[in-house]
Every structure is written in structure tokens, then in C-alpha cells.
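One structure below.
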Amino acid sequence: MRRTAARLLTGTALAVVTAAGFAAPVQAAVARSGSLDVYPSTAVPGGQVTVNTAACGDPGAAAGDASAVGAGPFTLAPSSHDGKAIGQFRVPPSAQPGTYEIVAQCAADGRRVAGDLVVVLTSSREQVYPRGSVKTGVGGALGPDPVQTAAGVTALAVAAAGGTWLLHRRARGDGI
């Protein structure tokens, strides 16, 4: 039984190592061919956009073009981050909502890579401030309805006056 389990584990380990050995060159080739990463992929007019790619190899320089959105050419410079070329541009304030193709051409071999930028009119990352009362189902100290607030205050005042009157009668010894 132990010999069978050992053979099964050895065979599985050998298969994993073999698959990893073949996958590494393929993964490196895919990373080399790559695409243009656009961050954030959704931007508002006037927003700053960063693009990067690993497709240009070791020198990593590239010429970017964001003319589709109206921003024009920009430069992607080599960086120390995983051999990527990184560049930035600003979305023009006059940009209309839609999806735009951003391209870059590698300086060394002329390879062309592209990525998409979506322009929207409002950012989904805007700060949202709470308003109104919390809807817990228990009620609130001051609700939005002044009639209900006045009725609640009146009921509390009547209860306080009645309780005071009863305690006063009890202290005098009138009964109850």
C-alpha cells in the first residue's frame, strides 16, 4: 500500500515539474508579447491615466498615442518594475464618454500594443456623504415629520405630569 502511494505521489510531482518547465517559456513569451495596461481603465475628463507594458523588452522605451481620446502623443520610459515601460497622459476636459483605443509602439522593434480606456462623465469613486436619518425601524429622536415629533413630545410631557401628580398624592397620603 505504501509503495503504491509513493509511486502515485512521485508521478504527480514529476508531472507538475514537467508542466511547470514547459509553461515557464510560454508564460515568458506571452508576457513579452503582452498588451498595453491602462490604469485606471475608466477615467473622467481631466483625469490622469497611467499606461504600462512589458512587450517592449529590456530597454523598454515606447512611443504612446492617445489621439483617439484627444490627448495626443506621450512617452513610455523604461522602469525598474518588472522591465515595464511606463507613461502617463491626461484625458482632455473636452473628452466625450466612450471607449477609446490607446496604442504604443516599441522603440526597439516597432511592435504595436494597444489597450482600451473608457471615458465616463462621473467617477464611481466620488465620496458619498450620508444624509437623513438612519432607517433602523426603531425610530429616531427627530424624524423628518414635525407633527410626529410634536405628538411624541406631548405624550412624554403628559406622562411626566401624570407621574409627578401620582407621586405627590402618594407622598401626602391621599391614597393610591
Check your understanding: Rounded to the nearest 5, what % of the DSSP beta bridges within region 23-119 are antiparallel ones?
Key -> 95 percent
Point to revise | Pairwise label distance in nanometres, Thr154 with His81, each label 7 Å out on the Cα-Cβ vector | key: 6.6 nm
Revision key, fill the gap. In region 23-119 the accessible area split gives carbon plus sulfur, as whole percent at 1.4 Å, a share of 54 percent
**Study point:** Label-to-label distance, nm, for residues given as Val120 and Arg90 (7 Å Cα→Cβ offset)
**Key:** 2.3 nm
Check your understanding: Ignoring ligands, DNA and RNA, what accessible area per residue does region 23-119 give at 1.4 Å, in Å²?
Key -> 51 Å²
Check your understanding: Between Ala63 and Asp145, what is the spin-label point distance in nm, taking each point 7 Å from the Cα along the Cα→C-beta axis?
Key -> 7.0 nm
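The values are calculated or read from the model by the stated rules, or taken from the named source; none is laboratory data. Computed from a predicted model, the values in this text were never measured in an experiment. All Cβ positions, glycine included, derive from the backbone under ideal geometry; neighbour counts span all protein chains shown. Remember, those area values only see protein heavy atoms, side chains included, never the ligands or the DNA or RNA. Shrake-Rupley method; radii C 1.70, N 1.55, O 1.52, S 1.80 Å.
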